[in-house]
């Protein structure tokens, strides 16, 4: 990978153009920077995903922007600087903003215009951006500025776009960045891990982040979050059950008339369970031409009764589609959401799965799942009323209202888990600076469930229902294992910090009085390893304290051994 475009690749993989060739069909006409070489399957997936699965020839012009997610096959990142920046983002950013390692996040801007000079009668092209960063809202702004420039000025517009991105600073968690782009400045914040959500209370009318933009600056309130209001409008009364299904990673097929709507609906649903990360397979827009089509859909066909297929149906999967073929052919989808438009009525009742075999599927939610929790009808009605009471407000405000409700619900679900996790930490008095740090206690499902009667969600939520069964089901799912893995890392880091702090305050000279040279050297090597770990965690004060203790301990060694041992340097505070 060329160093010339290194900063660009910290943000994006490439920008390209897909066109329709009469002999070959869709093909990748242009890809920039020139150092990017996509594999054959990657190229095929990009080409098929960049065009809507079907579009109406009755409309003289179509401009449509939508999102996709493609498997990385051959084009893995190799630039060491880019890998370092992405590793830092994984350690420091919110989980949902971590760079992906197995998928590209993509966005396409498709244009169709009648053109009598072309044999098919239409000019059809799509500008695409691929990235390992799931910064959907930022890339939406970028492609909305870039695509019209390309359609009027050609490839030079894409090279100018790439050159602008190549001058941006590196994406750093916890920073508010001003990104110059094609005559304007995009201002956006990249939240650090654990950073409080910027959604405020409805009553305070501060539903969006309060970052006053300067003149000529475009404020992007959320780097990733997209509009929830329009794509999920007809499903408002089902969002609580959809939240459950998303939390559990149940297979869900999201059907709509356009790629834009289904892709934003899928990304919107997966965002409602934060701070839990959606750890299952997810494709915001999916077609029968995707290279993974057979693997992902085989378990849901009529003749899929093998034990392997049944096991796969229990695994998480969310697909956004526009082709009615999916509803007619894949009859074993347990949950189907058909999204309607703003002119359609909101669906309140869950519909029978038997009705999804028809090609003309009415907007609604089709499932046998009634939900573990009772419907919070009063709160849902209040949210719907607030959303509909003032249609002049931008859709971002309505989306923020919805996110606030589900952020509160998710926090109530997470609160007992956080309390239980804190109880797994060893006590401070159990930490001996001269012995290896003790591990945290294991997560015991039975013990946790017994704790719900005294410290369950009822402490922070008025919603009733079978919370215990919801947790029990959740503990079998990838979303739980992803969350638990992150918590184990946090506990390990906290134990390291407490152990290092105890080491920096210990009487090392008293300990060393009756110890052999080998024992002292062994402890010094352990402390040296600890110093490196503390530097990674940016715990510089404690790090310096441990180094000072190492200096004292080193003086206890014979002079010849002291000369050999290399001491780490303290950090300047």
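Summary of values
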| quantity | calculated |
| --- | --- |
| Test: residue 62 is assigned to a strand (DSSP E or B), within 26 Å of the chain's Cα centre (by Cα) and without any contact (Cβ under 8 Å) to a residue 60 or more places away in the chain | no |
| The range 12-29, subset buried (at least 23 other Cβ atoms within 10 Å of the Cβ) and either at pLDDT below 90 or touching a helix residue (DSSP H, G or I) at 6+ places or on another chain (Cβ under 9 Å) (or both), residue farthest from residue 125 (Cα to Cα) | 12 |
| Some residue of the range 261-269 being modelled with pLDDT under 95 and within 24 Å of residue 368 (Cβ to Cβ) | no |
| Filter result for residue 426 (surrounded by 13 or more Cβ atoms within 10 Å (Cβ to Cβ) and either in contact with a helix residue (DSSP H, G or I) (Cβ under 9 Å, 6 or more places away or on another chain) or at pLDDT below 90 (or both)) | yes |
| Pairs with Cβ under 9 Å, 6+ apart, first in the range 152-179 and without any contact (Cβ under 8 Å) to a residue 24 or more places away in the chain, second buried (at least 18 other Cβ atoms within 10 Å of the Cβ) and part of a loop (DSSP other than H, G, I, E, B) | 177/171 |
| Residue, modelled with the lowest pLDDT, within the range 462-482, restricted to residues that are on the phi < 0 side of the Ramachandran plot, surrounded by 15 or more Cβ atoms within 10 Å (Cβ to Cβ) and touching a strand residue (DSSP E or B) at 6+ places or on another chain (Cβ under 9 Å) | 463 |
| So residue 32, is it in contact with a strand residue (DSSP E or B) (Cβ under 8 Å, 6 or more places away or on another chain) and buried (at least 20 other Cβ atoms within 10 Å of the Cβ) | no |
| Residue match in the range 116-130 (condition: in contact with a helix residue (DSSP H, G or I) (Cβ under 6 Å, 6 or more places away or on another chain), surrounded by fewer than 22 Cβ atoms within 10 Å (Cβ to Cβ) and over 21 Å from residue 283 (Cβ atoms)) | no |
| Selection count where residues are in a helix (DSSP H, G or I) and at pLDDT 75 or above, scope the range 355-394 | 10 |
| Any hit, the range 507-516, residues being within 21 Å of residue 490 (Cα to Cα) and without any contact (Cβ under 8 Å) to a residue 24 or more places away in the chain | no |
| Qualifying residue in the range 216-236 (condition: exposed (fewer than 14 other Cβ atoms within 10 Å of the Cβ) and at pLDDT below 95) | yes |
| Test: residue in the range 529-546 that is buried (at least 18 other Cβ atoms within 10 Å of the Cβ) and not in a helix (DSSP H, G or I) | yes |
| Out of 437, 442, sole residue that is surrounded by 15 or more Cβ atoms within 10 Å (Cβ to Cβ), in a loop (DSSP other than H, G, I, E, B) and either in contact with a helix residue (DSSP H, G or I) (Cβ under 9 Å, 6 or more places away or on another chain) or assigned by TED's automatic domain parsing to the domain that holds residue 251 (or both) | 437 |
| Subset of the range 249-261 [under 17 Å from the mean Cα position of the chain (by Cα) and part of a helix (DSSP H, G or I)] | none |
| Answer from 246, 234 - the residue that is touching a residue at least 60 places away in the same chain (Cβ under 8 Å), more than 21 Å from residue 325 (Cβ to Cβ) and over 20 Å from the mean Cα position of the chain (by Cα) | 234 |
| Filtered residue count, the range 95-124, keeping only those that are assigned to a loop (DSSP other than H, G, I, E, B) and more than 31 Å from the chain's Cα centre (by Cα) | 7 |
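The values are calculated or read from the model by the stated rules, or taken from the named source; none is laboratory data. These numbers were taken from a predicted model, which means no experiment stands behind them. Cβ sites come from the backbone with ideal geometry, for glycine too, and all protein chains shown count toward neighbours.
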